[in-house]
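J.: What follows is a single structure, and I will ask about it in a moment.
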Amino acid sequence: MNSKSKPLIVSITSGKGGVGKTFITTNLATILARQGKKVLVADCDLGLANIDVMLGINPALNLKDVVFGNKHLRDVIVSTKGGFDLIPASSGVREMAQLLFEKIQIIKDMLLEMEGYDLILLDTGAGIAEVVLQFNLLAHQNVVVINRELTSLTDAYAMVKVMYQVFGRQTFSIVANNIPDEKDGAGIFKNIDTISRRFLGFPLNYLGSVLQDDSVSKSVMRQEIAVMSAPRSRMAADFSKIGRALLDLKKA
Ligand SMILES: Nc1ncnc2c1ncn2[C@@H]1O[C@H](COP(=O)(O)OP(=O)(O)O)[C@@H](O)[C@H]1O
Ligand SMILES: [Mg+2]
């Protein structure tokens, strides 16, 4: 991939909250940055942004200053210890949680104009609110995160269905997170893939799985990035694999 060409934009999204979108975004971004890719992460969970917290940083500016101030997206970008750049957002700012369509459009337009990156990862909020759908629409590829909970599966299906019915999107990738064993990941992927084929008429793409690991909550608490704390772990290998699969995705 060439940084001079337009970056591949990928959203990391989910139906249900708390499935690991932010965890996956930061770790994937770190792994890909380590492989020499220029990666930009945008915190698109506008009401409850928390990548800055996960990384232990306190950026002076964020998306709020772009939407309601006179800042450009470039002005709010900070570099991170993961080796990727970050566009932080705000948490607990009501106006940001209820952005009007025109305001969302400002962010989308600026993201589309970004140059100098191989990849832009959008860490979205959960659910099928308009703002989440808009960021998913902007992305060339949507990665839907699921876990073992049945509700994460039904909510992920709801997301896929809405993106298909509203925007005609038919390409979705699935990452199974927080699972006890690789076979479980393939199993839950098969469940949602079968439902999509039957009721929507198209298959889903399986990007891979990330195992449940007790060290994750510790690294979140310490504001560390799991794949940096344990670069030779099984988890780091899982993320490398997903990263490779991600870079193979095309700008659909
Ligand atoms: N593979 C995993 N193993 C163990 N715990 C995990 C894993 N993935 C996520 N978690 C836990 O789930 C919590 C929520 O993850 P987060 O990325 O904030 O979810 P989301 O962004 O989807 O709301 C994390 O703080 C972490 O403790
Ligand atoms: Mg999150």
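J.: Over 23 Å between C-alpha atoms is what I'm after, so list which of Lys16/Lys37; Lys183/Lys218; Lys81/Lys218; Lys161/Lys183 land there.
T.: Values: Lys16/Lys37 30 Å; Lys183/Lys218 25 Å; Lys81/Lys218 18 Å; Lys161/Lys183 25 Å.
The pairs that break the limit, which is 23 Å between Cα atoms, are Lys16/Lys37; Lys183/Lys218; Lys161/Lys183.
J.: How large is the charge dipole for the stretch 61-164, taken about the Cα centre, if only the Cβ atoms of Lys, Arg (+1) and Asp, Glu (-1) carry charge, to the nearest 20 debye? It would help to have the intermediate numbers written out before the result.
T.: On the way: 9 positive and 13 negative charges, 46 e Å.
Dipole size: approximately 220 debye.
J.: Find, among the trypsin sites (Lys or Arg not before Pro) in the stretch 1-104, those assigned to loop by DSSP (not H, G, I, E, B) with at most 11 other beta-carbon atoms within 10 angstrom.
T.: Details: sites: Lys4, Lys16, Lys21, Arg34, Lys37, Lys38, Lys64, Lys71, Arg74, Lys81, Arg94, Lys103; in loops: Lys4, Lys16, Lys37, Lys38, Lys71, Lys81.
Answer by residue number: Lys4.
J.: What does the extension gain come out to for Asp181 and Phe202, with contour length at 0.36 nm per residue minus their alpha carbon separation? Kindly include the intermediate steps, with their values, before the conclusion.
T.: On the way: separation 21, 0.36 × 21 = 7.56 nm, distance 2.66 nm.
Result for the pair: 4.9 nm of gain on full extension.
J.: Just check the stretch 1-97 against the gyration tensor rule for me: Cα atoms, a ≥ b ≥ c as the square roots of the eigenvalues, rounded for a/c under 1.5, and otherwise prolate or oblate depending on whether a/b exceeds b/c. Numbers along the way, then the final one.
T.: Numbers: a/c = 1.66, a/b = 1.24, b/c = 1.34.
Verdict is oblate for the stretch 1-97.
J.: Evaluate the charge dipole of the chain about its Cα centre and quote only its size in Debye, nearest 20, assuming +1 on the Cβ of each Lys and Arg and -1 on the Cβ of each Asp and Glu.
T.: Details: 29 positive and 25 negative charges, 114 e Å.
It comes to approximately 540 debye.
J.: Here's a follow-up. At 0.36 nm per residue, minus the direct Cα-Cα distance, what do Gln223 and Glu115 gain on full extension? Give it in nm, one decimal, please.
T.: Values: separation 108, 0.36 × 108 = 38.88 nm, distance 2.90 nm.
Using 0.36 nm per residue and subtracting the Cα-Cα distance, I get 36.0 nm.
J.: Using a 10 Å cut-off around each Cβ, can you sort Arg197, Arg232 from fewest to most neighbouring Cβ atoms?
T.: Arg232, Arg197
J.: Would you calculate a helix-derived [θ] at 222 nm for the chain, using -39,500 (n - 2.57) for each DSSP H run of n ≥ 4 and dividing by the full residue count, to the nearest 500?
T.: On the way: 12 runs with 115 residues, N = 252.
Rounded to the nearest 500, the figure is -13000 deg cm²/dmol.
J.: Still on this structure: Using Cα positions and a limit of under 15 Å, work out the aspartates and glutamates in reach of Lys241, with same-chain residues fewer than 8 apart set aside.
T.: Glu182
J.: Got a sec to turn the phi values of the stretch 28-38 into Karplus ³J(HN,Hα) couplings, 6.51 cos²θ - 1.76 cosθ + 1.60 with θ = phi - 60°, whole Hz, x for Gly and Pro?
T.: Working through the residues one at a time gives 5, 4, 5, 4, 6, 5, 5, 8, x, 7, 8 Hz.
J.: Kindly write out, for the stretch 215-232 in residue order, the coupling ³J(HN,Hα) from the Karplus curve 6.51 cos²θ - 1.76 cosθ + 1.60 (θ = phi - 60°), rounded to whole Hz, with x marking Gly and Pro.
T.: Result, ordered by residue: 6, 5, 5, 5, 5, 5, 5, 7, 6, 9, 9, 3, 6, 8, 5, 9, x, 9 Hz.
J.: Pull up the cross-link candidates among the aspartates and glutamates for Lys250, meaning alpha carbon to alpha carbon under 18 Å and not fewer than 8 places away within one chain.
T.: Cross-link targets: Glu115, Asp118.
J.: Across bins of 5 angstrom width beginning at 0, how are the C-alpha pair distances of the stretch 8-247 distributed, in whole percent?
T.: In whole percents, the pair-distance histogram is 1, 7, 15, 19, 21, 17, 12, 6, 2, 0.
J.: So for the pair Ala60, Leu100, with labels modelled 7 Å out along Cα→Cβ, what separation do we get in nm?
T.: With each label placed 7 Å out from Cα toward Cβ, I get 3.0 nm.
J.: Can you sort Leu247, Leu204, Leu133 by how many other beta carbons sit within 10 Å, fewest first?
T.: Working: Leu247 15, Leu204 23, Leu133 20.
In order of increasing Cβ crowding within 10 Å: Leu247, Leu133, Leu204.
None of the figures in this text is laboratory data; all of them are computed from the coordinates on show. What you see is a predicted model; the values in this text were computed from it and never measured. Here Cβ is always computed from backbone atoms with ideal geometry, including for glycine, and neighbour counts include all displayed protein chains.
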